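Engineer: Mind looking over this structure? Questions follow.
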Amino acid sequence: MREITLSQAVNEALAEEMRRDETVFIIGEDVAEAGTPFKVLSGLVEEFGTGRVVDTPISEPGFMGLAVGAAMTGSRPVVDLMFGDFIFLIMDQLCNQAAKTHYMSGGKLSVPLVLRTNMGATRRSAAQHSQSLHALVAHIPGLKVAMPSSAYEAKGLMKTAIRDNNPVVIFEDKLMYQDKAPVPEEEFLIPFGEANIKRAGTDITLIGTSSMVQVCEKAAEILAAEGVSAEVIDPRTIVPLDEAALLASARKTSRVIVVDEGHQSFGVTAEIASRINEKAFYHLDAPVLRMGALDVPIPFSPALEDITVPTPEGVAEKARLLVRGEMIDAA
Amino acid sequence: MREITLSQAVNEALAEEMRRDETVFIIGEDVAEAGTPFKVLSGLVEEFGTGRVVDTPISEPGFMGLAVGAAMTGSRPVVDLMFGDFIFLIMDQLCNQAAKTHYMSGGKLSVPLVLRTNMGATRRSAAQHSQSLHALVAHIPGLKVAMPSSAYEAKGLMKTAIRDNNPVVIFEDKLMYQDKAPVPEEEFLIPFGEANIKRAGTDITLIGTSSMVQVCEKAAEILAAEGVSAEVIDPRTIVPLDEAALLASARKTSRVIVVDEGHQSFGVTAEIASRINEKAFYHLDAPVLRMGALDVPIPFSPALEDITVPTPEGVAEKARLLVRGEMIDAA
Amino acid sequence: MAKKKTNSEDYLRMYRQMVRIRTFEDNANQLYLSAKMPGLTHMYSGEEAVAVGICEALETRDKITSTHRGHGHCVAKGAEFKEMFCELLGKEEGYCRGKGGSMHIADQSNGNLGANAIVGGSMGIATGAAFTSKLLRKDDVAVCFFGDGATAQGLMYEVMNMAALWKLPVIYACENNGYSEYTKTEEIAAGSITARAEAFGIEAHQVDGQDVLAVNALTTDLVARARKGEGPFFMELMTYRYHGHHVGDINREYYRSKEEEKDWKDNRDPIIRFRGYLVSEGLATDEDLDALNAEIEADAEAAVKYALDAKYPDVSEVDMHVFADIKHALA
Amino acid sequence: MAKKKTNSEDYLRMYRQMVRIRTFEDNANQLYLSAKMPGLTHMYSGEEAVAVGICEALETRDKITSTHRGHGHCVAKGAEFKEMFCELLGKEEGYCRGKGGSMHIADQSNGNLGANAIVGGSMGIATGAAFTSKLLRKDDVAVCFFGDGATAQGLMYEVMNMAALWKLPVIYACENNGYSEYTKTEEIAAGSITARAEAFGIEAHQVDGQDVLAVNALTTDLVARARKGEGPFFMELMTYRYHGHHVGDINREYYRSKEEEKDWKDNRDPIIRFRGYLVSEGLATDEDLDALNAEIEADAEAAVKYALDAKYPDVSEVDMHVFADIKHALA
Ligand SMILES: Cc1ncc(C[n+]2csc(CCOP(=O)(O)OP(=O)(O)O)c2C)c(N)n1
Ligand SMILES: Cc1ncc(C[n+]2csc(CCOP(=O)(O)OP(=O)(O)O)c2C)c(N)n1
Ligand SMILES: [Mg+2]
Ligand SMILES: [Mg+2]
């Protein structure tokens, strides 16, 4: 199968959906001629024109609000938020308006919009350009949250998101834009709420989101060399969450680590770990462990930044402890 | 001891601290003559004048940003955010600026401010005026989060917050403003990160935040009548979290329910449950259970709203299951 | 009174709609005072000429966004009493199945995109509706209602800028009733409100909001021009609310005098003024109008009775409409 | 050139500071091009007369807030090369101990409240600094630097409104360099920027940002008046950035022509113009100025060398400074 970058995958998904449905448009800063700073959208304005690939002023709350209204009236906006960190600026329009409109109107209005943004540290961009804020969005009922872990998911989830009649937030990992993966030429969609078993295993389950799937896969390789068989699962969407798949794996391996790049405390790992503890408790040989980003603002200095996020070695180390039954903390 | 309302307790705390320190000021909508819609601040403008009890235009991001700058330069602002739901409007100033300034400046600048806001449903105020959004704030490193459960805590935590050199967010439960509790006449402060054991017990631990402490206490009464001894713990601050106290109780009773009024998924209950699972796993006879608000926008209709939040009966019912070992879900 | 409309039917409909709003509000207030209504609500009485003058210049397909003080807009855009009272009381037959209540009320089928409990929260939505109109080459117009207090929200300037840059068919209608909550407009708005719109290159008008014909004439003209792509426009409508900020705001002399209230009611009431005009121009007799009033009162009474007896939504509705296309969110 | 200052020492200091900025940036750019600098950075070259003209009118105790393009403001407010380069390279001796990097750089001891990676993010902060000045009856002034692109952020209008209502000693300094990222100002700003400030009753000036004396004269006047309580004020400074949006933005002909760049560099360079003035007025000889330039270059070279050799912060610093008064956050 041909291989394309995550960036190309997103671009293709958008182009295909825009060709299919003339109500789809893209709105954000420097999305047109510039094609975004990450060049993800290059070429789209040439095909679809500035009427459908719309450069905005630096007004995140404003264009997010505009997108909500556009979505309520028959358009399908894809909002481009240049950095995930700017989500703090649009929380009101996203969480008080987009997320609640369908419910508050008793099902009469709906808000079919996609918010495309990014996440991920270690780009030396410091505290305001490095956050992974998907946990905040996942906490708000009415929003769906997708976290592609490769070009394949980036394309399939984006197409599903655009066709979904609800607000969907997609977090792309900035560091993965140039990563290649096999992506079919033919059209495909990835349904929401279906986890993907990236690697089967029997001794321990590693659940990872976004780029942490790769971290888990690398950890699994390290462990394999030591005779430990790790299963790696990618939930792909955290809302809806494929609880059944996660529980099945937990019941099988009886040991679980959840890895996510958001801050650990009050983050995504807590929810996933809690659900597994609640619903597979008597199958567990050890507590479900969590590995998130350190609970610190992301530092600029490379010497510090690199130690804030989970690594394959770190995951493997925790896995060994679990497998050996050495979780003294839990005693 | 005299009894005063939670509203009076907050008012006293502010007045005392404003008398003690002339750099303390209050800023928000209708805080002066009107004393806020909940009348919590009545009388303060008469004593301290409009220079220190400052009515603003309806510009939440603006006055939050202003408070950050004021705090960085020698003032100690207490920001009054009329409804907790409006926190979505100020997330950028709170989370990208206030929370990170001390860290990003390598410790050179600090932001000693208090954000006073509220939480809590069942006031028939619908989806945009009923949310309990403390989990979002707790996820962001650099912010402290206090959740008073009575007039006593409301006073003691507020005074500590004002003297803290970090941004502190205090969530008051709207429905508790008129609730009375014994509060000493003499000055006192409540240190952050010290949980309070509201009721000692041996069979099960009920951890509640804010008004859910009362819900847990009522559940404990119901259970006591049935011969089940429940320990009730109020963490008082969720950042910092008194992990040691929670773990000690969990180890003692071996069964835990965490009750909080935020949405359950990706919320506060997940973090607390995960920490207990991680660090007291081998002491637990059953999975730590969580009870949050339903994962739905808060509906207006009384017929629906009342079933969105945890109740004493609901907590007691889950507790019985745990004590009887009937957690089939977890099997 | 400003220039005549071409036929008396239009005039009588405007009169009728104004009386319907006043009657609706009197009944809603009564429901509150007799403790039959859950929560609080904000009365539109006194401002009827604004909603009616504007909405009578619109087609059903044109969109409006409304505010926390939204009953007037809802009636003016074509809603029925029965579904409105049902909504106010949280009943299943309400426009939002009881999930929205007063602050989210809307007859969505008539182009009302909803009342909004976030001050200024709908400015993006209205602008987005206008965006859809342009994107899909329709010539629908969107009107954004908001109060003087909402001019303090930065969102307004963000969306006005985009609307001006892209010539969107949106009309910003600022209902300046002299107060935001308990604060006079001059204490929270520096400079000039119309100049703020003009600074973005937007044509702005100030108009007597108690003169339904003046409002209607101006709107009719601006709507026609907006349909031709000459928008956006801005209107500041000078008006007054007769009741307190909400129904519970009874003792309000600390922020405005009884004399001021009396002056507006006696000398500038939009209904009395228009009635005088209709009679003096021979378009209707006092008897005609009395009969009309009586009919409307009977309608309202019947609708209130119906709503009081109507049933609440079934508890199973609590997790419906969280997501479009999914019946129950928490299944 | 605008009116003379009283002594040539001031003039030479202004010249020196402009050359220091240019030299700093040339070295920073070189560090990027030779892959010695982590991340990206935004060059201030071309805009030197703005930062220097303004900061030379301020006292050390006066505050400034800066932007993502913040090196110029930092140097102009009194910072040293050594600590600045250390910060750019993420070293322990940097102004922010390497935690901030280019986008958060600041010499806090000289009243710089920090560069900010959120466009417009510091507008509230500067206004808050002015609020402290008024609250504590000091006569410090705050200057808020921001770009033309930042005028699209609603926050600006919120804080200008409050500053105008409360007569705060703040000066909003809009550095209009014709572009925000890859977009021309006229495509993202409707109407007139100065009119927007004037609509809030704020006195606004447009000034040639390439003429350091004009900038300095205007600022000196406004600062004096602001100290007396006549503020706030607004300045639009017409200027130009020589480099790309950031150091990596090399091929930029798709959004602006080489001719345009050449024209500004050849005909409106602030340093060349001021140098010509100094020499023609007999305030310095070409030899004097060449010697000065050489001295600054040597300084910069030494500082770069020092910074390259300096040490990174110890990994244990990663969780320091999350909270004031707490050494390690995750202990
Ligand atoms: C973002 C936000 N801030 C504050 C409030 C509380 N609040 C509700 S109505 C109101 C005053 C609004 O004044 P105005 O816009 O003039 O409308 P009016 O009530 O006069 O019709 C305020 C402050 C709110 N609902 N939303
Ligand atoms: C809130 C926010 N939105 C977008 C960005 C990305 N961004 C960084 S600089 C910039 C352009 C800023 O333009 P301007 O204010 O004119 O400053 P200049 O770069 O021209 O100095 C943008 C869009 C950001 N950092 N913050
Ligand atoms: Mg008003
Ligand atoms: Mg610019």
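The values are calculated or read from the model by the stated rules, or taken from the named source; none is laboratory data. Bear in mind the structure is a predicted one, so any value in this text is a computation, not a measurement. Every residue, glycine as well, gets a Cβ built from its backbone with ideal geometry; the counts of neighbours run over all protein chains shown.
Engineer: Inside the stretch A:293-323, can you point out the residues that are of a type in the set (A, V, I, L, M, F, W, C) and assigned to a helix (DSSP H, G or I)? Walk me through it before giving the result.
Structural biologist: Step one: of the stretch A:293-323, the residues of a type in the set (A, V, I, L, M, F, W, C) are A:293-294, A:296, A:298, A:300, A:303-304, A:307, A:309, A:315-316, A:319, A:321-323.
If the condition is that a residue be of a type in the set (A, V, I, L, M, F, W, C) and assigned to a helix (DSSP H, G or I), then A:Ala303, A:Leu304, A:Ile307, A:Val315, A:Ala316, A:Ala319, A:Leu321, A:Leu322, A:Val323 are the ones that fit.
Engineer: Please tell me if A:Ser125 is more than 16 Å from ligand 2 (Cβ to nearest atom), closer than 30 Å to B:Ala138 by Cβ and of a type in the set (Gly, Ala, Ser).
Structural biologist: Numbers: more than 16 Å from ligand 2 (Cβ to nearest atom): no; closer than 30 Å to B:Ala138 by Cβ: yes; of a type in the set (Gly, Ala, Ser): yes.
It is false that A:Ser125 is more than 16 Å from ligand 2 (Cβ to nearest atom), closer than 30 Å to B:Ala138 by Cβ and of a type in the set (Gly, Ala, Ser).
Engineer: Continuing with this model, one more query. If you take the residues in the stretch B:138-156 that are among the hydrophobic types (A, V, I, L, M, F, W, C) and within 13 Å of B:Thr117 (Cα to Cα), which one is surrounded by the fewest Cβ atoms within 10 Å (Cβ to Cβ)?
Structural biologist: First, pick out the residues of the stretch B:138-156 that are among the hydrophobic types (A, V, I, L, M, F, W, C): B:138, B:140, B:143, B:145-147, B:151, B:154.
Narrowing the set further to residues that are within 13 Å of B:Thr117 (Cα to Cα) leaves B:145-147, B:154.
Working: B:Val145: 27, B:Ala146: 29, B:Met147: 30, B:Ala154: 34.
Within the stretch B:138-156, the match that is surrounded by the fewest Cβ atoms within 10 Å (Cβ to Cβ) is B:Val145.
Engineer: Could you list all residues from the stretch D:65-114 that are among the basic types (Lys, Arg) and on the phi < 0 side of the Ramachandran plot?
Structural biologist: Of the stretch D:65-114, the ones among the basic types (Lys, Arg) are D:69, D:77, D:82, D:91, D:97, D:99.
Across the stretch D:65-114, the qualifying residues are D:Arg69, D:Lys77, D:Lys82, D:Lys91, D:Lys99.
Engineer: Residues to consider are D:Gly128, D:Gly100, D:Gly72; find the one that is without any contact (Cβ under 8 Å) to a residue 60 or more places away in the chain, surrounded by 23 or more Cβ atoms within 10 Å (Cβ to Cβ) and farther than 26 Å from D:Asp26 by Cβ.
Structural biologist: D:Gly128
Engineer: Same structure, new question: Would you mind stating whether D:Ala199 is without any contact (Cβ under 8 Å) to a residue 60 or more places away in the chain, crowded, with 24+ Cβ neighbours inside 10 Å, more than 16 Å from ligand 4 (Cβ to nearest atom) and more than 15 Å from D:Phe145 (Cα to Cα)? Write out each step before concluding.
Structural biologist: On the way: without any contact (Cβ under 8 Å) to a residue 60 or more places away in the chain: yes; crowded, with 24+ Cβ neighbours inside 10 Å: yes; more than 16 Å from ligand 4 (Cβ to nearest atom): yes; more than 15 Å from D:Phe145 (Cα to Cα): yes.
When the stated conditions are applied, D:Ala199 passes them.
Engineer: While we're here: Among (1) touching a residue at least 60 places away in the same chain (Cβ under 8 Å); (2) within 21 Å of the chain's Cα centre (by Cα); (3) buried (at least 24 other Cβ atoms within 10 Å of the Cβ), which single condition is D:Gln153 missing?
Structural biologist: For D:Gln153, the failing item is (1).
Engineer: When you check D:Glu187 against the structure, is it out of contact with any Cys (no Cβ under 9 Å at 6 or more places or on another chain), closer than 24 Å to A:Ala34 by Cα and surrounded by fewer than 23 Cβ atoms within 10 Å (Cβ to Cβ), yes or no? So that I can check it myself, show each step before the final result.
Structural biologist: Values: out of contact with any Cys (no Cβ under 9 Å at 6 or more places or on another chain): yes; closer than 24 Å to A:Ala34 by Cα: yes; surrounded by fewer than 23 Cβ atoms within 10 Å (Cβ to Cβ): yes.
For D:Glu187, the condition - out of contact with any Cys (no Cβ under 9 Å at 6 or more places or on another chain), closer than 24 Å to A:Ala34 by Cα and surrounded by fewer than 23 Cβ atoms within 10 Å (Cβ to Cβ) - is met.
Engineer: Which of the residues belonging to the stretch D:144-178 are charged (D, E, K, R) and either within 9 Å of chain B (Cβ to nearest Cβ) or within 16 Å of ligand 2 (Cβ to nearest atom) (or both)? Please lay out each step first, then the result.
Structural biologist: Start the filter on the stretch D:144-178 by keeping residues that are charged (D, E, K, R), which leaves D:148, D:158, D:167, D:175.
Selection gives D:Asp148, D:Glu158, D:Glu175.
Engineer: In the stretch B:34-57, is there at least one residue being within 16 Å of ligand 1 (Cβ to nearest atom), within 14 Å of chain D (Cβ to nearest Cβ), of a type outside the set (Asp, Glu) and over 18 Å from D:Ala129 (Cβ atoms)?
Structural biologist: In the first step, residues of the stretch B:34-57 are kept if they are within 16 Å of ligand 1 (Cβ to nearest atom); the result is B:34-41, B:54-57.
Imposing the further condition that a residue be within 14 Å of chain D (Cβ to nearest Cβ) reduces the set to B:54-57.
Retained after the next criterion (residues that are of a type outside the set (Asp, Glu)): B:54, B:56-57.
Okay, now just the ones that are also over 18 Å from D:Ala129 (Cβ atoms), so B:57.
Scanning the stretch B:34-57, I find at least one residue that is within 16 Å of ligand 1 (Cβ to nearest atom), within 14 Å of chain D (Cβ to nearest Cβ), of a type outside the set (Asp, Glu) and over 18 Å from D:Ala129 (Cβ atoms), so the answer is yes.
Engineer: To continue, here is another question. Within the stretch B:163-187, count every residue that is in contact with a Lys or Arg (Cβ under 8 Å, 6 or more places away or on another chain), assigned to a strand (DSSP E or B) and surrounded by 22 or more Cβ atoms within 10 Å (Cβ to Cβ).
Structural biologist: Going through the stretch B:163-187 one residue at a time, the tally reaches 4.
Engineer: Could you please find all residues in the stretch A:225-252 being of a type outside the set (A, V, I, L, M, F, W, C) and buried (at least 22 other Cβ atoms within 10 Å of the Cβ)? So that I can check it myself, show each step before the final result.
Structural biologist: We begin by selecting, within the stretch A:225-252, every residue of a type outside the set (A, V, I, L, M, F, W, C); these are A:226-227, A:229, A:231, A:234-237, A:240, A:242-243, A:249, A:251-252.
Answer for the stretch A:225-252, where residues must be of a type outside the set (A, V, I, L, M, F, W, C) and buried (at least 22 other Cβ atoms within 10 Å of the Cβ): A:Glu231, A:Asp234, A:Pro235, A:Arg236, A:Thr237, A:Ser249.
Engineer: Could you list all residues from the stretch D:123-143 that are within 16 Å of ligand 2 (Cβ to nearest atom) and more than 9 Å from chain B (Cβ to nearest Cβ)? Walk me through how you get there before you give the answer.
Structural biologist: In the first step, residues of the stretch D:123-143 are kept if they are within 16 Å of ligand 2 (Cβ to nearest atom); the result is D:123-126, D:143.
If the condition is that a residue be within 16 Å of ligand 2 (Cβ to nearest atom) and more than 9 Å from chain B (Cβ to nearest Cβ), then D:Val143 is the only one that fits.
Engineer: If I ask for residues that are surrounded by 21 or more Cβ atoms within 10 Å (Cβ to Cβ) and either charged (D, E, K, R) or more than 8 Å from ligand 3 (Cβ to nearest atom) (or both), which ones from the stretch C:167-180 would you list?
Structural biologist: C:Leu168, C:Pro169, C:Val170, C:Ile171, C:Tyr172, C:Ala173, C:Cys174, C:Glu175
Engineer: Sticking with this one: Taking D:Val279 and the conditions (1) loosely packed, with under 11 Cβ neighbours inside 10 Å; (2) in a helix (DSSP H, G or I), which numbered condition does it fall short on, given that it satisfies the others?
Structural biologist: It fails just one condition, (1).
Engineer: Here's a follow-up. Out of the stretch D:184-238, which residues are over 18 Å from D:Val170 (Cα atoms), in contact with a Pro (Cβ under 9 Å, 6 or more places away or on another chain) and either more than 16 Å from ligand 2 (Cβ to nearest atom) or within 14 Å of chain C (Cβ to nearest Cβ) (or both)? First the steps, then the outcome.
Structural biologist: The initial filter retains those residues of the stretch D:184-238 that are over 18 Å from D:Val170 (Cα atoms), namely D:184-192, D:208-214, D:238.
So of that shortlist, the ones also in contact with a Pro (Cβ under 9 Å, 6 or more places away or on another chain) come out as D:187-190, D:209-212.
Scanning the stretch D:184-238 gives D:Glu187, D:Ile188, D:Ala189, D:Ala190, D:Asp211, D:Val212.
Engineer: To continue, here is another question. Pick out the one residue from B:Ile190, B:Ile272, B:Ile197 that is surrounded by 24 or more Cβ atoms within 10 Å (Cβ to Cβ) and either within 30 Å of B:Leu14 (Cα to Cα) or within 19 Å of the chain's Cα centre (by Cα) (or both). So that I can check it myself, show each step before the final result.
Structural biologist: Details: B:Ile190 fails: surrounded by 24 or more Cβ atoms within 10 Å (Cβ to Cβ); B:Ile197 fails: surrounded by 24 or more Cβ atoms within 10 Å (Cβ to Cβ).
Of the residues listed, the single one that is surrounded by 24 or more Cβ atoms within 10 Å (Cβ to Cβ) and either within 30 Å of B:Leu14 (Cα to Cα) or within 19 Å of the chain's Cα centre (by Cα) (or both) is B:Ile272.
Engineer: Please work out if A:Ser132 is more than 14 Å from chain D (Cβ to nearest Cβ) and within 30 Å of D:Gly98 (Cα to Cα). Please lay out each step first, then the result.
Structural biologist: On the way: more than 14 Å from chain D (Cβ to nearest Cβ): yes; within 30 Å of D:Gly98 (Cα to Cα): yes.
Answer is yes for this residue.
Engineer: Residues to consider are B:Thr122, B:Thr101; find the one that is hydroxyl-bearing (Ser, Thr, Tyr) and on the phi > 0 side of the Ramachandran plot.
Structural biologist: On the way: B:Thr101 fails: on the phi > 0 side of the Ramachandran plot.
Matching residue, one of B:Thr122, B:Thr101: B:Thr122.
Engineer: Of everything in the stretch A:74-118, what is surrounded by fewer than 24 Cβ atoms within 10 Å (Cβ to Cβ) and free of Cβ contacts under 8 Å to residues at least 24 places away in the same chain? Give them in sequence order.
Structural biologist: Result: A:Gly107, A:Lys108.
Engineer: When you scan the stretch C:142-240 for strands (runs of 3 or more DSSP E) that lie fully inside it, which ones turn up with 3 or more residues that are within 16 Å of ligand 1 (Cβ to nearest atom) and touching a Leu at 6+ places or on another chain (Cβ under 7 Å)? Steps first, please.
Structural biologist: On the way: elements: C:142-147, C:170-176, C:203-208, C:233-238.
It comes to C:170-176.
Engineer: For A:Ile207, indicate whether it is within 16 Å of the chain's Cα centre (by Cα) and of a type in the set (A, V, I, L, M, F, W, C). Walk me through how you get there before you give the answer.
Structural biologist: Numbers: within 16 Å of the chain's Cα centre (by Cα): yes; of a type in the set (A, V, I, L, M, F, W, C): yes.
Spelling it out, A:Ile207 is indeed within 16 Å of the chain's Cα centre (by Cα) and of a type in the set (A, V, I, L, M, F, W, C).
Engineer: While we're on this one: If we scan the stretch D:68-77, do we find a residue that is modelled with pLDDT of 95 or more and over 11 Å from the mean Cα position of the chain (by Cα)? Can you show your working first?
Structural biologist: From the stretch D:68-77, those modelled with pLDDT of 95 or more are D:68-77; that's our starting set.
From what is left, the residues that are over 11 Å from the mean Cα position of the chain (by Cα) are none.
Within the stretch D:68-77, not a single residue is modelled with pLDDT of 95 or more and over 11 Å from the mean Cα position of the chain (by Cα).
Quick grid of which residues meet (1) in a helix (DSSP H, G or I); (2) under 22 Å from the mean Cα position of the chain (by Cα); (3) within 14 Å of chain A (Cβ to nearest Cβ); (4) closer than 22 Å to D:Glu25 by Cα:
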| residue | (1), (2), (3), (4) |
| --- | --- |
| D:Tyr254 | no, no, yes, no |
| D:Glu297 | yes, yes, no, yes |
| D:Ala300 | yes, yes, no, yes |
| D:Tyr306 | yes, no, no, yes |
| D:Phe323 | no, no, yes, no |
